[in-house]
Every structure is written in C-alpha cells, then in structure tokens.
Amino acid sequence: MRSASAMLGLLAISAVSAAGTAPAQAGYDYPVCLHVYGPVSYSECGYTTMAQCQASASGRAAGCYPNTFAAYSVPGGRTYRRHGAY
C-alpha cells in the first residue's frame with residue numbers, strides 16, 4: 001500500500017511538472033520606438049507601425065523613431081555565401 005501511494009505521488013508530481021512547462025517563445029523585435037520627454041525620459045520599443053506609435057504619442061511630449069536594433073530582413077531575400085577554403 002505504501003509503495004502504491006508513493007508511485008501515485010510520483011505520477012502526480014511528474015504530471016504537474018510536465019503540464020507546467022511551456023516551450024520558449026522567440027522575442028519579437030518591434031520596428032518602431034516611442035521616446036517620451038519629461039522629468040523622467042524613457043523609450044519603449046513596442047510598436048509595429050509608425051502610425052500606431054504616433055497615435056500613442058499624440059498630445060504628449062513624445063516622438064517616434066525607427067528601432068535601430070530591430071532585426072530587419074534583407075531586401076530581396078538574398079543570402080550571400082563565400083566560396084573557398086580557409
């Protein structure tokens with residue numbers, strides 16, 4: 001009886017730990033940032049379009065700018081390979 005309850009406990013622990021894990025999600029690089037000016041100035045890069053950022057900045061001492069750290073795709077989708085041995 002004691003080993004059956006121990007097995008049931010281990011089964012319950014493994015079920016909870018398996019259900020509690022989730023796969024890691026890749027972060028999203030938002031291409032537009034908002035800079036808010038004031039006593040405490042800050043930037044937040046959480047906008048997908050310039051229009052969305054400008055709507056948020058409207059009526060505040062704030063401005064929008066492109067996120068220079070966002071991972072942009074290469075225009076044309078070309079990849080370049082070096083040929084040769086080193």
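The values are calculated or read from the model by the stated rules, or taken from the named source; none is laboratory data. Since this is a predicted model, take the numbers as computed values, not measurements. Ideal geometry is used to build each Cβ from the backbone, glycine not excepted, and the neighbour counts take in all protein chains shown.
Listed values, structure above:
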read-out: Matching strands (runs of 3 or more DSSP E) fully within the chain where at least 3 residues are at pLDDT 65 or above, surrounded by 10 or more Cβ atoms within 10 Å (Cβ to Cβ) and of a type outside the set (A, V, I, L, M, F, W, C); value: 42-47, 62-66
read-out: Hits in the stretch 45-65 (condition: in contact with a Cys (Cβ under 7 Å, 6 or more places away or on another chain) and of a type in the set (S, T, N, Q)); value: Q54
